[in-house]
Structures are given as C-alpha cells and as structure tokens.
Amino acid sequence: RESKDIVDAFFELISNSLIEGNEVKISGFGNFQVRTKAARPGRNPRTGQVIPIERRRVVTFHASNKLKEQVQQEL
C-alpha cells in the first residue's frame, strides 16, 4: 500500500510539473518535455475530407544515452 502511494505521488509530481510547462529530467533515464504543436490540416483517410487539427500540447520523451545503451546490450 505504501509503495503504491509513493509511486502515485511520484507520477503526480511529474504530471503537475509538465502541466506547468516545466521539463522533467530523470537522471540515467531520460527527459520529458511539453511541446506545443501548431494547428494544421488533417485528412480523413476513409473519405479524403480535409479536417482541421487544432493546436495542442503534447508530451515528448527523449531517452538518455545510458538507457539507450542498456537497451542495446540486450540484443
């Protein structure tokens, strides 16, 4: 129960920081950033109809070199 509460609090801190627009760096793991994507025209693949996609904020993740190396060693 305590472990679950700690993990939930950890993810809540990360979420709140990203909502505020801050970058989250976890040493040896990677970085989370919030980017604003511009509005653009999209297309419905079934009908071909042009549909506007609104401007939005997205979370991106960039893995650290240490994490990338560990993943590659498993091959």
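The values are calculated or read from the model by the stated rules, or taken from the named source; none is laboratory data. Note that the structure is a prediction, hence the values are computed from the model and not measured. Ideal geometry is used to build each Cβ from the backbone, glycine not excepted, and the neighbour counts take in all protein chains shown.
Observations on the structure shown:
- Contact map, the stretch 1-25: first residue closer than 18 Å to Val59 by Cβ, second residue among the aliphatic types (A, V, I, L, M) and assigned to a helix (DSSP H, G or I), Cβ cut-off under 9 Å, separation 6 or more or different chains; pairs are Val24/Leu13; Val24/Ile14; Val24/Leu18.
- Residue match in the stretch 32-39 (condition: modelled with pLDDT of 95 or more and touching a Phe, Trp or Tyr at 6+ places or on another chain (Cβ under 6 Å)): yes
- Qualifying residues in the stretch 44-73 (those that are free of Cβ contacts under 8 Å to residues at least 12 places away in the same chain and among the charged types (D, E, K, R)) - the one farthest from Ile14 (Cα to Cα): Arg46
- When Glu69, Glu12, Glu54 are checked against the criterion of being at pLDDT below 95 and either at negative phi or surrounded by fewer than 11 Cβ atoms within 10 Å (Cβ to Cβ) (or both), Glu69 stands alone in meeting it.
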